[in-house]
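Here's the structure we're looking at; comments come further down.
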Amino acid sequence: MRPPRRTLLTLFKSLSKSSQRMALAVAASLLLHSLMLLLPPIELPEFEAKLPPLTAKLEALPKPSTKVATKKEKPKTQPAPQPNPVVQATPEIPIMESAVAAASAPEAAEPEPEPAPPVEIAQETPAPPAEPQRPLLPKHARLKFNVYQGEGNFKVGESSHKLDIEDGYYTLKASVQTTGLVGILKNYRMVQTSGGEASAYVLKPDVFTEEVTDSSGKKTNRAEFDWSNNKVHFSNGKEASLPKHAQDILSIMYQFPPMSKQVEVITINIATGKKFEEYRFEIMFAETLKTPMGELQTVHFRKLHRANEE
(Lines give C-alpha, C1' and ligand atoms only; values in the text may rest on other atoms or scores of the structure.)
Protein backbone atom coordinates (compact mmCIF):
# COMPACT_ATOMS: atom_id res chain seq x y z
CA MET A 1 0.00 0.00 0.00
CA ARG A 2 1.51 3.39 -1.08
CA PRO A 3 1.51 6.41 1.25
CA PRO A 4 -0.51 9.39 0.11
CA ARG A 5 1.20 11.98 -2.07
CA ARG A 6 0.67 14.77 0.49
CA THR A 7 2.67 12.83 3.13
CA LEU A 8 5.70 12.34 0.85
CA LEU A 9 5.79 16.03 0.02
CA THR A 10 5.79 17.01 3.69
CA LEU A 11 8.69 14.62 4.41
CA PHE A 12 10.75 16.02 1.54
CA LYS A 13 10.30 19.60 2.74
CA SER A 14 11.38 18.71 6.25
CA LEU A 15 14.58 17.00 4.98
CA SER A 16 15.57 19.99 2.88
CA LYS A 17 15.19 22.35 5.90
CA SER A 18 17.38 20.09 8.11
CA SER A 19 20.18 20.10 5.53
CA GLN A 20 20.19 23.88 5.38
CA ARG A 21 20.40 24.14 9.20
CA MET A 22 23.28 21.65 9.38
CA ALA A 23 25.27 23.57 6.74
CA LEU A 24 24.76 26.84 8.60
CA ALA A 25 25.99 25.33 11.89
CA VAL A 26 29.16 23.92 10.28
CA ALA A 27 29.97 27.31 8.70
CA ALA A 28 29.58 29.14 12.05
CA SER A 29 31.87 26.64 13.80
CA LEU A 30 34.62 27.08 11.21
CA LEU A 31 34.41 30.87 11.52
CA LEU A 32 34.82 30.78 15.36
CA HIS A 33 37.82 28.43 15.26
CA SER A 34 39.52 30.69 12.65
CA LEU A 35 39.07 33.70 14.89
CA MET A 36 40.58 31.83 17.90
CA LEU A 37 43.68 30.95 15.92
CA LEU A 38 44.21 34.44 14.51
CA LEU A 39 43.68 36.42 17.74
CA PRO A 40 46.74 37.16 20.03
CA PRO A 41 47.19 34.90 23.16
CA ILE A 42 45.23 35.94 26.25
CA GLU A 43 46.89 35.50 29.71
CA LEU A 44 44.48 34.54 32.50
CA PRO A 45 45.06 35.88 36.03
CA GLU A 46 46.73 33.52 38.54
CA PHE A 47 44.52 32.69 41.54
CA GLU A 48 46.84 30.11 43.17
CA ALA A 49 48.16 31.24 46.57
CA LYS A 50 51.88 31.35 47.08
CA LEU A 51 53.14 28.50 49.27
CA PRO A 52 55.09 29.31 52.47
CA PRO A 53 58.77 28.36 52.62
CA LEU A 54 59.35 24.74 53.59
CA THR A 55 60.85 24.04 57.05
CA ALA A 56 61.79 20.50 58.08
CA LYS A 57 63.16 19.30 61.47
CA LEU A 58 64.52 15.86 62.41
CA GLU A 59 64.05 14.53 65.99
CA ALA A 60 65.39 11.35 67.64
CA LEU A 61 63.04 8.54 68.55
CA PRO A 62 61.95 8.37 72.23
CA LYS A 63 63.70 5.76 74.38
CA PRO A 64 61.75 2.52 74.94
CA SER A 65 59.91 2.22 78.27
CA THR A 66 61.70 0.20 80.98
CA LYS A 67 58.66 -0.42 83.18
CA VAL A 68 59.06 -3.48 85.41
CA ALA A 69 56.21 -5.96 85.14
CA THR A 70 54.35 -6.68 88.36
CA LYS A 71 52.47 -9.79 89.31
CA LYS A 72 49.15 -8.30 88.28
CA GLU A 73 50.34 -6.75 84.98
CA LYS A 74 51.98 -8.61 82.14
CA PRO A 75 55.19 -7.08 80.68
CA LYS A 76 54.39 -5.01 77.63
CA THR A 77 56.48 -5.58 74.51
CA GLN A 78 57.89 -2.41 72.89
CA PRO A 79 58.20 -2.15 69.11
CA ALA A 80 61.70 -2.25 67.62
CA PRO A 81 63.21 1.24 67.08
CA GLN A 82 62.86 2.48 63.52
CA PRO A 83 65.62 4.42 61.71
CA ASN A 84 65.34 8.18 61.64
CA PRO A 85 63.13 9.20 58.72
CA VAL A 86 64.65 11.33 55.95
CA VAL A 87 62.35 14.07 54.75
CA GLN A 88 62.92 15.37 51.20
CA ALA A 89 61.96 18.92 50.46
CA THR A 90 59.16 19.15 47.94
CA PRO A 91 57.97 22.68 47.06
CA GLU A 92 54.52 21.55 46.04
CA ILE A 93 53.72 19.78 49.38
CA PRO A 94 54.06 21.83 52.63
CA ILE A 95 55.17 19.76 55.65
CA MET A 96 54.62 20.99 59.25
CA GLU A 97 56.79 20.20 62.32
CA SER A 98 53.93 18.40 64.04
CA ALA A 99 53.53 16.07 61.10
CA VAL A 100 57.21 15.11 61.21
CA ALA A 101 57.10 14.51 64.98
CA ALA A 102 53.93 12.42 64.69
CA ALA A 103 55.48 10.34 61.94
CA SER A 104 58.63 9.62 64.00
CA ALA A 105 56.79 8.72 67.26
CA PRO A 106 56.16 4.99 67.83
CA GLU A 107 52.62 3.80 68.22
CA ALA A 108 51.67 3.50 71.90
CA ALA A 109 50.55 0.05 72.86
CA GLU A 110 47.09 -0.10 74.40
CA PRO A 111 47.24 -1.05 78.11
CA GLU A 112 45.90 -4.47 78.84
CA PRO A 113 42.96 -4.51 81.27
CA GLU A 114 43.79 -5.83 84.71
CA PRO A 115 42.03 -9.08 85.64
CA ALA A 116 39.02 -8.57 87.84
CA PRO A 117 39.49 -9.74 91.44
CA PRO A 118 37.72 -12.96 92.31
CA VAL A 119 34.26 -12.45 93.68
CA GLU A 120 33.81 -14.01 97.09
CA ILE A 121 30.41 -15.58 97.52
CA ALA A 122 29.30 -15.38 101.11
CA GLN A 123 27.90 -18.65 102.26
CA GLU A 124 24.98 -18.27 104.55
CA THR A 125 25.44 -20.33 107.68
CA PRO A 126 22.23 -21.59 109.22
CA ALA A 127 21.30 -19.63 112.29
CA PRO A 128 21.35 -21.62 115.53
CA PRO A 129 17.93 -22.38 116.95
CA ALA A 130 16.73 -19.67 119.29
CA GLU A 131 16.57 -20.58 122.96
CA PRO A 132 13.13 -20.50 124.55
CA GLN A 133 12.44 -17.20 126.23
CA ARG A 134 13.03 -17.11 129.98
CA PRO A 135 10.53 -15.35 132.23
CA LEU A 136 11.40 -11.85 133.38
CA LEU A 137 12.87 -11.77 136.89
CA PRO A 138 11.30 -9.48 139.53
CA LYS A 139 13.44 -6.71 141.03
CA HIS A 140 12.16 -7.48 144.53
CA ALA A 141 10.29 -10.50 145.89
CA ARG A 142 9.07 -11.75 149.33
CA LEU A 143 7.88 -15.37 149.41
CA LYS A 144 6.60 -17.62 152.19
CA PHE A 145 6.13 -21.40 152.07
CA ASN A 146 4.79 -24.17 154.26
CA VAL A 147 6.95 -27.29 154.55
CA TYR A 148 5.19 -30.66 154.58
CA GLN A 149 6.50 -34.15 155.08
CA GLY A 150 5.13 -37.16 153.22
CA GLU A 151 1.79 -37.23 151.44
CA GLY A 152 -0.43 -36.71 154.48
CA ASN A 153 -0.08 -32.88 154.47
CA PHE A 154 1.69 -33.01 157.82
CA LYS A 155 3.25 -29.58 158.31
CA VAL A 156 6.72 -29.66 159.85
CA GLY A 157 8.03 -26.12 159.22
CA GLU A 158 8.00 -22.81 157.34
CA SER A 159 10.30 -21.11 154.86
CA SER A 160 10.72 -17.49 153.72
CA HIS A 161 12.61 -16.02 150.73
CA LYS A 162 13.80 -12.49 149.99
CA LEU A 163 15.15 -11.45 146.55
CA ASP A 164 16.59 -8.04 145.61
CA ILE A 165 18.15 -7.07 142.25
CA GLU A 166 19.92 -3.70 141.97
CA ASP A 167 22.57 -2.33 139.58
CA GLY A 168 23.16 -5.69 137.90
CA TYR A 169 23.76 -7.57 141.17
CA TYR A 170 21.39 -9.78 143.12
CA THR A 171 21.15 -10.97 146.72
CA LEU A 172 18.95 -13.89 147.70
CA LYS A 173 18.30 -15.12 151.26
CA ALA A 174 16.18 -18.08 152.39
CA SER A 175 15.51 -19.46 155.85
CA VAL A 176 13.88 -22.76 156.87
CA GLN A 177 12.94 -23.80 160.41
CA THR A 178 10.75 -26.32 162.15
CA THR A 179 7.53 -25.16 163.73
CA GLY A 180 4.80 -26.44 166.03
CA LEU A 181 5.17 -29.79 167.75
CA VAL A 182 8.03 -30.80 165.46
CA GLY A 183 9.94 -27.64 166.43
CA ILE A 184 9.67 -28.62 170.10
CA LEU A 185 10.87 -32.15 169.51
CA LYS A 186 13.57 -31.28 166.97
CA ASN A 187 14.86 -27.75 166.65
CA TYR A 188 16.26 -27.16 163.17
CA ARG A 189 17.13 -23.94 161.32
CA MET A 190 18.95 -23.38 157.99
CA VAL A 191 19.85 -20.04 156.39
CA GLN A 192 21.05 -19.95 152.78
CA THR A 193 22.38 -16.93 150.85
CA SER A 194 23.31 -16.51 147.19
CA GLY A 195 24.78 -13.50 145.41
CA GLY A 196 26.23 -12.62 142.02
CA GLU A 197 25.56 -10.94 138.70
CA ALA A 198 22.01 -10.47 137.45
CA SER A 199 20.39 -9.58 134.17
CA ALA A 200 16.73 -9.16 133.32
CA TYR A 201 16.39 -12.96 132.93
CA VAL A 202 19.40 -14.75 134.46
CA LEU A 203 21.05 -15.03 137.87
CA LYS A 204 24.75 -15.90 137.75
CA PRO A 205 25.94 -16.86 141.25
CA ASP A 206 29.38 -15.93 142.55
CA VAL A 207 29.10 -17.08 146.19
CA PHE A 208 26.74 -19.46 148.00
CA THR A 209 26.71 -19.99 151.76
CA GLU A 210 24.71 -22.30 154.01
CA GLU A 211 24.44 -22.19 157.82
CA VAL A 212 22.74 -25.09 159.59
CA THR A 213 21.84 -24.97 163.30
CA ASP A 214 20.49 -28.04 165.10
CA SER A 215 20.93 -29.89 168.40
CA SER A 216 24.55 -30.71 167.51
CA GLY A 217 25.59 -27.10 166.92
CA LYS A 218 26.18 -24.77 163.99
CA LYS A 219 27.84 -25.68 160.70
CA THR A 220 28.79 -23.41 157.77
CA ASN A 221 29.46 -24.47 154.18
CA ARG A 222 30.53 -22.22 151.29
CA ALA A 223 30.93 -22.49 147.49
CA GLU A 224 32.74 -19.93 145.31
CA PHE A 225 32.17 -19.81 141.50
CA ASP A 226 35.24 -18.97 139.40
CA TRP A 227 33.68 -18.34 135.98
CA SER A 228 36.92 -17.09 134.37
CA ASN A 229 38.56 -20.51 134.98
CA ASN A 230 35.33 -22.55 134.93
CA LYS A 231 35.92 -23.89 138.44
CA VAL A 232 33.89 -24.04 141.64
CA HIS A 233 35.71 -24.17 145.02
CA PHE A 234 34.20 -25.46 148.30
CA SER A 235 35.07 -24.56 151.86
CA ASN A 236 35.90 -28.23 152.60
CA GLY A 237 38.78 -28.06 150.08
CA LYS A 238 37.05 -29.80 147.17
CA GLU A 239 37.00 -28.45 143.62
CA ALA A 240 34.92 -29.23 140.50
CA SER A 241 34.59 -28.06 136.90
CA LEU A 242 31.95 -25.42 136.29
CA PRO A 243 29.55 -25.92 133.33
CA LYS A 244 27.91 -23.02 131.51
CA HIS A 245 24.41 -23.03 133.07
CA ALA A 246 25.41 -24.16 136.59
CA GLN A 247 23.46 -22.83 139.58
CA ASP A 248 23.48 -23.19 143.33
CA ILE A 249 20.80 -24.96 145.36
CA LEU A 250 19.04 -21.65 146.11
CA SER A 251 19.21 -19.75 142.81
CA ILE A 252 17.91 -22.79 140.89
CA MET A 253 14.47 -22.19 142.43
CA TYR A 254 14.19 -18.95 140.40
CA GLN A 255 15.44 -20.08 137.00
CA PHE A 256 15.55 -23.47 135.40
CA PRO A 257 17.62 -23.60 132.19
CA PRO A 258 15.57 -22.90 129.04
CA MET A 259 13.99 -26.03 127.64
CA SER A 260 11.79 -27.01 124.73
CA LYS A 261 8.28 -28.38 125.13
CA GLN A 262 9.38 -31.84 123.95
CA VAL A 263 11.68 -32.34 126.97
CA GLU A 264 10.34 -34.65 129.70
CA VAL A 265 13.44 -34.98 131.91
CA ILE A 266 16.00 -32.22 132.44
CA THR A 267 19.46 -32.47 134.05
CA ILE A 268 20.88 -29.46 135.91
CA ASN A 269 24.33 -28.95 137.47
CA ILE A 270 23.84 -27.63 141.01
CA ALA A 271 26.37 -26.69 143.68
CA THR A 272 25.54 -27.09 147.37
CA GLY A 273 27.79 -25.92 150.14
CA LYS A 274 29.62 -29.28 150.14
CA LYS A 275 29.68 -30.67 146.58
CA PHE A 276 28.74 -30.23 142.94
CA GLU A 277 26.35 -32.72 141.39
CA GLU A 278 23.71 -33.32 138.73
CA TYR A 279 20.06 -33.10 139.63
CA ARG A 280 17.48 -34.75 137.38
CA PHE A 281 13.98 -33.31 137.28
CA GLU A 282 10.92 -34.80 135.63
CA ILE A 283 8.26 -32.52 134.17
CA MET A 284 5.00 -33.70 135.71
CA PHE A 285 2.47 -31.29 134.18
CA ALA A 286 1.79 -27.65 133.30
CA GLU A 287 -0.91 -25.73 135.08
CA THR A 288 -2.46 -22.26 135.09
CA LEU A 289 -2.86 -20.83 138.61
CA LYS A 290 -5.23 -18.00 139.48
CA THR A 291 -3.59 -15.55 141.90
CA PRO A 292 -4.23 -11.94 143.03
CA MET A 293 -1.63 -10.92 140.42
CA GLY A 294 -3.59 -12.66 137.68
CA GLU A 295 -3.21 -16.02 135.96
CA LEU A 296 0.28 -17.56 136.12
CA GLN A 297 1.58 -20.25 133.79
CA THR A 298 3.36 -22.84 135.96
CA VAL A 299 5.23 -26.12 135.44
CA HIS A 300 5.33 -28.89 138.06
CA PHE A 301 8.72 -30.63 138.45
CA ARG A 302 9.59 -33.71 140.47
CA LYS A 303 13.15 -34.52 141.52
CA LEU A 304 14.25 -38.01 140.54
CA HIS A 305 16.10 -39.77 143.38
CA ARG A 306 18.70 -42.47 143.11
CA ALA A 307 18.77 -45.44 145.48
CA ASN A 308 19.51 -44.40 149.09
CA GLU A 309 19.64 -40.73 148.06
CA GLU A 310 18.27 -38.01 150.33
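The values are calculated or read from the model by the stated rules, or taken from the named source; none is laboratory data. Here the structure is a predicted model, which is why all the values come from computation and not from measurement. FYI the Cβ positions are ideal-geometry reconstructions off the backbone, even for glycines, and counts take in every protein chain you see. Note: areas computed on protein heavy atoms with side chains; ligands, DNA, RNA excluded. Shrake-Rupley method; radii C 1.70, N 1.55, O 1.52, S 1.80 Å.
Miscellaneous remarks
- For the pair Val299 and Glu211, a Förster radius of 41 Å applied to the C-beta separation gives a FRET efficiency near 0.85, rounded to the nearest 0.05.
- Here the gap between Thr171 and Tyr201, fully extended at 0.36 nm per residue and compared with their Cα-Cα distance, gives a gain of 9.3 nm.
- Accessible-area ranking of Leu143, Leu32, largest first, probe 1.4 Å: Leu32, Leu143
- Of the GluC sites (Glu not before Pro) in the stretch 222-300, the ones in a loop by DSSP (not H, G, I, E or B) with at most 12 other beta carbons within 10 Å are Glu264.
- Mean separation of Cα pairs under 8 Å and 6 or more residues apart, divided by the residue count, gives the stretch 233-272 a relative contact order of 51 percent.
- With all protein chains in place and a 1.4 Å probe, the accessible surface of the stretch 196-304 carries 50 percent carbon and sulfur.
- Anisotropy class of the stretch 169-230 from Cα gyration tensor, a/c 1.5 cut: oblate
- For the cross-link pairs Lys155/Lys303; Lys139/Lys186; Lys244/Lys290, the ones whose C-alpha atoms lie over 31 Å apart are Lys139/Lys186; Lys244/Lys290.
- Accessible area (Å², 1.4 Å probe, nearest 10) - Leu181: 120 Å²
- Between amide H atoms placed 1.01 Å from N, distances below 5 Å from Tyr188 occur with Thr178, all of them 5 or more places distant or on a separate chain.
- From phi via Karplus (6.51, -1.76, 1.60), per-residue ³J(HN,Hα) for the stretch 236-247 in Hz, x at Gly/Pro: 7, x, 7, 8, 8, 6, 10, x, 5, 9, 5, 9
- Percent RCO, i.e. relative contact order, over the stretch 166-214, from Cα pairs under 8 Å lying at least 6 residues apart: 36 percent
- Accessible area of Phe145 in the full protein assembly, 1.4 Å probe (Å², nearest 10): 100 Å²
- Estimated at the nearest 10 Å², the accessible area of Met253 is 130 Å² with a 1.4 Å probe.
- Extension gain for the segment Ala307 to Leu24, taken as residue separation times 0.36 nm less the Cα-Cα distance, is 86.4 nm to one decimal.
- Under-5 Å amide H pairs with Leu242, H placed in peptide plane, nonlocal only: Lys231, Val232
- Distance between modelled label sites at Thr291 and His245, nm, 7 Å Cα→Cβ extension: 2.2 nm
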